[in-house]
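Scroll down for the structure; my scribbles are underneath it.
The values are calculated or read from the model by the stated rules, or taken from the named source; none is laboratory data. Quick caveat, the model's predicted, so the values are computed rather than measured. Cβ placement follows ideal geometry from the backbone for every residue including glycine, while neighbour counts extend to all protein chains displayed.
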Amino acid sequence: MRWEVVAGVAVLAVIVGGVLFMALSGERQDSMAVQPRGGELVSLPPPARAGEVSFEVALDSRQSVRMFSPDPLTLTELSQLLWAAQGLTRPGGFRTTPSAGALYPLEIRVVAGNVEGLMPGVYQYHPSGHHLALIGKGDLREDLSGAGLGQSAIRDAPATLVISAVPSRTTGKYGGRGVRYVHMEAGHASQNIYLQAASRGLGTVAIGAFHDDQVHEILLMDAGEEPLYLMPVGHPPLVLLV
Ligand SMILES: Cc1cc2nc3c(=O)[nH]c(=O)nc-3n(C[C@H](O)[C@H](O)[C@H](O)COP(=O)(O)O)c2cc1C
């Protein structure tokens, strides 16, 4: 066989091998990700990677907002908040928040009641693909407010982002200390939501006072998953803006 033919076959083998490797490693990544739950998937607008408000102004204006105007949240606004909470940033599945061992124990759900283009319901956010999966139908804001000791912000906000965790993802590697890491990570996600809201003229409040078992049930959480934060989000009323 001529050397040109041998070289050609070798080059072809390298190309086919590379394509196969990329396909298989992509499959491995997908199978490691949480599988979408529920039937209907809702694509979210791509998140903005730049904004007009400086980081310092966002920090300076961050505050807990517990009253909301009746305006709906747009899907673009919701998309941006979800990306800030747990969205993907760079190749390798890395996210907007740090995570011990990059094990990502957090899950984000949305209880949507008044979001443009979104049927009222409970949705689970999937960072890979940046989409929502509908896991429960109906406006559950009143129920969630009840589980949250009657806090009116949950009832009045157009949507509430719920941060939960599957601690075993982290304790499997770090043992008991992993529990501490998981709680720290919820703080990172919560602060991201606060700052993203502040930079987009939105308001939110981190709510930690609620009945765990009721929130678990309303949000259709898995065994081994625990709710950590409720974050109602929406437009602040004019009185807070002046
Ligand atoms: C762990 C934690 C739990 C909280 N739980 C609630 C809550 O259940 N309800 C509420 O209205 N605010 C809650 N907050 C918000 C605090 O009340 C608020 O951050 C504090 O009053 C300071 O105000 P600021 O956020 O406007 O700076 C919580 C904050 C943290 C960090």
Meets criteria (more than 15 Å from the ligand (Cβ to nearest atom) and out of contact with any strand residue (DSSP E or B) (no Cβ under 8 Å at 6 or more places or on another chain)) for residue 199: yes
Residues of segment 135-150 classified as in contact with a Leu (Cβ under 8 Å, 6 or more places away or on another chain) and under 18 Å from residue 212 (Cα atoms), total: 2
Scope segment 39-81; condition touching a Pro at 6+ places or on another chain (Cβ under 7 Å) and within 16 Å of the ligand (Cβ to nearest atom); matching residues: 65, 67, 68
Unique residue being in contact (Cβ under 8 Å) with a residue 40 or more places away in the chain, closer than 25 Å to residue 45 by Cα and either away from the ligand (no atom under 12 Å from the Cβ) or in contact with a strand residue (DSSP E or B) (Cβ under 7 Å, 6 or more places away or on another chain) (or both) when the list is 181, 104: 104
Subset tally (residues that are touching a strand residue (DSSP E or B) at 6+ places or on another chain (Cβ under 7 Å) and surrounded by 14 or more Cβ atoms within 10 Å (Cβ to Cβ)) for segment 202-222: 12
Residues of segment 165-197 classified as within 23 Å of residue 62 (Cβ to Cβ) and not aliphatic (A, V, I, L, M), total: 9
Test: residue in segment 127-135 that is closer than 20 Å to residue 83 by Cβ, in the same structural domain as residue 216 (by TED's automatic domain parsing) and touching a helix residue (DSSP H, G or I) at 6+ places or on another chain (Cβ under 6 Å): yes
Matching option when the condition is away from the ligand (no atom under 16 Å from the Cβ) and either among the small types (Gly, Ala, Ser) or under 21 Å from residue 42 (Cβ atoms) (or both), among 139, 213: 139
Pair list, Cβ under 6 Å, 6 or more apart: segment 73-101 residue farther than 18 Å from residue 194 by Cβ and at pLDDT 95 or above, other residue of a type in the set (Val, Ile, Thr) and surrounded by 18 or more Cβ atoms within 10 Å (Cβ to Cβ): 89/96; 100/170
Unmet requirement for residue 236, which otherwise passes all of (1) more than 30 Å from residue 54 (Cβ to Cβ); (2) of a type outside the set (A, V, I, L, M, F, W, C); (3) not in a helix (DSSP H, G or I): (1)
